[in-house]
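Values in this text are rule-based calculations from the coordinates and carry no lab data. None of the values given here were measured: they were computed from a predicted structure. Backbone-built Cβ (ideal geometry, glycine too); neighbour counts: all protein chains shown.
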Amino acid sequence: MEQHPIRPAPVGAATGGVSATQISQYLTFSLGDDLFAVGILAIKEIIQYGQITDVPLMPAYIRGVINLRGAVVPVIDLNARFGKGAMTVGRRTCIVIIEVETAEDRQVIGLMVDSVSAVLNIPAAEVESVPSFGVGVRAEFIQGMARLKHRFVIILDVLRTFELRELEGADWQAHGAAAAAANAGADEPRCAAPLTAH
């Protein structure tokens, strides 16, 4: 699974000189009919959906693990995480690799998404508070809502959504050999995505 690097654009240049402190960059992706966003600083890379090794005794939203250049990475089914059932893998399904940093540790996690959209510069002034109903995602998972043309983008709170206690005690290295064997000899496909900030 070949690395697809994220190259954030200079924010001031992309937004006509607006102060960078008032603008944040987000990677947007689709999940069903909804558009979500994660802060670009949490993104490590994007890979195409490939072989995933099952891990026993894990919640349904933890799809399994992948071997990413020798590192064992747990993969979360976002649809299941949001209580909407398991995702159906399609032609454009990708795994977004993020890094969640807590006070004690850093955890690299893969997120299954239907497709990756673009990197957007979103001014803080355009981010609205979380509505109390009608979103379909638990409010504590949401950092805010941003309007993009005729639809809303749900900005996820990375720490609350992906700081999973189920991941802390798991011996991922115990599953690393199985994941490596499953991926042995397989090409690492690139997940095509328009990653130009705008």
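Numbers for the structure displayed
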| read-out | value |
| --- | --- |
| 3J(HN,Hα) from dihedral phi, the stretch 65-74, Karplus parametrisation 6.51/-1.76/1.60, rounded to Hz, x for glycine, proline | 10, 10, 9, 10, 6, x, 9, 8, 10, x |
| Long-range HN-HN contacts of K44 with modeled amide H, under 5 Å | I97, I98, E99 |
| G32 long-range amide H proximity, modeled H, under 5 Å | D114 |
| Computed label-point distance, nm, for sites V89 and R160 using a 7 Å Cα→Cβ extension | 3.2 |
